[in-house]
1. Among the residues of the range A:31-49, how many are facing chain B (nearest Cβ under 7 Å), in contact (Cβ under 8 Å) with a residue 12 or more places away in the chain and surrounded by fewer than 22 Cβ atoms within 10 Å (Cβ to Cβ)?
2. Tally time: how many residues in the range B:1-13 are in a loop (DSSP other than H, G, I, E, B) and in contact with a strand residue (DSSP E or B) (Cβ under 6 Å, 6 or more places away or on another chain)?
3. Could you list all residues from the range B:14-45 that are in a strand (DSSP E or B), in contact with a helix residue (DSSP H, G or I) (Cβ under 9 Å, 6 or more places away or on another chain) and touching a residue at least 60 places away in the same chain (Cβ under 8 Å)?
4. Just one of the numbered conditions (1) within 26 Å of residue A:6 (Cβ to Cβ); (2) more than 10 Å from chain A (Cβ to nearest Cβ); (3) free of Cβ contacts under 8 Å to residues at least 24 places away in the same chain is not true of residue B:48; which one?
5. Check whether at least one residue in the range B:68-88 is within 12 Å of another protein chain (Cβ to nearest Cβ) and surrounded by fewer than 20 Cβ atoms within 10 Å (Cβ to Cβ), and report yes or no.
6. Which one of these is without any contact (Cβ under 8 Å) to a residue 12 or more places away in the chain, touching a strand residue (DSSP E or B) at 6+ places or on another chain (Cβ under 7 Å) and within 8 Å of another protein chain (Cβ to nearest Cβ): B:100, B:106?
7. How many residues does the range A:72-84 hold that are within 26 Å of residue B:35 (Cα to Cα) and surrounded by fewer than 20 Cβ atoms within 10 Å (Cβ to Cβ)?
8. Considering only residues that are part of a loop (DSSP other than H, G, I, E, B) and touching a residue at least 60 places away in the same chain (Cβ under 8 Å), look in the range A:63-99 and name the one that is nearest to the other protein chains (Cβ to nearest Cβ).
């Protein structure tokens, strides 16, 4: 059974304090690993797709990386507007995505 | 940009009512999905659809049904609403088969059953 575990469940940072969010996964035949950002009261917003180990994607202060067992979302010099819940999901052999429970990031000014 | 539109942001209904949640996407996507999201439980898949008039059960289909009469529209139906169906409901769509395709979400409907 495909599974996704995100850690930590919550993270509090000071503005400018870089850190990484972890997504561990098991899946039969990875077709894609996805990162989303979700603001309170809104739907998840798509950030990145990673397809194979070694791949990296960047967007502003965010960088996503992928190994055969984990993905990391690195946040460099975060700002308060980066505060959100970050979700990781994998797609294996079907059209369904398997989501982690998310990681709530708070960046204090 | 992909746009997924859910008909209501907030909805209040009574126990036993039949409730319809509507979702429309504007990118000619093949796949559409309905989730519910509850604190501590994450996103749970209710139903999904590969094509018009096609539907598949997700992980928690009990008490729900769906309808997809047109490619762009996917409806979730609560046959007889109960208080344990109070939740945030999210609709999503994705392009189709092949290499991993991200799902794009609407802003959700917060449904309260009294």
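The values are calculated or read from the model by the stated rules, or taken from the named source; none is laboratory data. The structure presented is a predicted model; accordingly, all values stated were derived computationally and were not measured. Every residue, glycine among them, receives a Cβ derived from its backbone with ideal geometry; neighbour counts consider all protein chains shown.
1. Here is the first cut: in the range A:31-49, the residues facing chain B (nearest Cβ under 7 Å) are A:31-32, A:34, A:42-44, A:46, A:49.
Now restrict to residues that are in contact (Cβ under 8 Å) with a residue 12 or more places away in the chain: A:31-32, A:34, A:44, A:46, A:49.
Subsequent filtering for residues that are surrounded by fewer than 22 Cβ atoms within 10 Å (Cβ to Cβ) retains A:31-32, A:46, A:49.
Total meeting the criteria: 4.
2. To start, the set of residues in the range B:1-13 that are in a loop (DSSP other than H, G, I, E, B) comprises B:1-3, B:7-9.
Pick out the ones that are also in contact with a strand residue (DSSP E or B) (Cβ under 6 Å, 6 or more places away or on another chain) and you get B:2, B:7-8.
The number of residues fulfilling the criteria is 3.
3. To start, the set of residues in the range B:14-45 that are in a strand (DSSP E or B) comprises B:19-25, B:31-38, B:42-45.
This time we only want the ones that are in contact with a helix residue (DSSP H, G or I) (Cβ under 9 Å, 6 or more places away or on another chain), so: B:19, B:36.
Across the range B:14-45, the qualifying residue is only B:19.
4. The failed condition is (2).
5. Applying the first criterion (within 12 Å of another protein chain (Cβ to nearest Cβ)) to the range B:68-88 yields B:88.
Those still in the list that are surrounded by fewer than 20 Cβ atoms within 10 Å (Cβ to Cβ) too: B:88.
Yes: the range B:68-88 contains one or more residues that are within 12 Å of another protein chain (Cβ to nearest Cβ) and surrounded by fewer than 20 Cβ atoms within 10 Å (Cβ to Cβ).
6. Numbers: B:106 fails: without any contact (Cβ under 8 Å) to a residue 12 or more places away in the chain.
Going through B:100, B:106 in turn, just one is without any contact (Cβ under 8 Å) to a residue 12 or more places away in the chain, touching a strand residue (DSSP E or B) at 6+ places or on another chain (Cβ under 7 Å) and within 8 Å of another protein chain (Cβ to nearest Cβ): B:100.
7. From the range A:72-84, those within 26 Å of residue B:35 (Cα to Cα) are A:72-73, A:82-84; that's our starting set.
From what is left, the residues that are surrounded by fewer than 20 Cβ atoms within 10 Å (Cβ to Cβ) are A:72, A:82-83.
Total satisfying the criteria: 3.
8. Selected residue: A:97.
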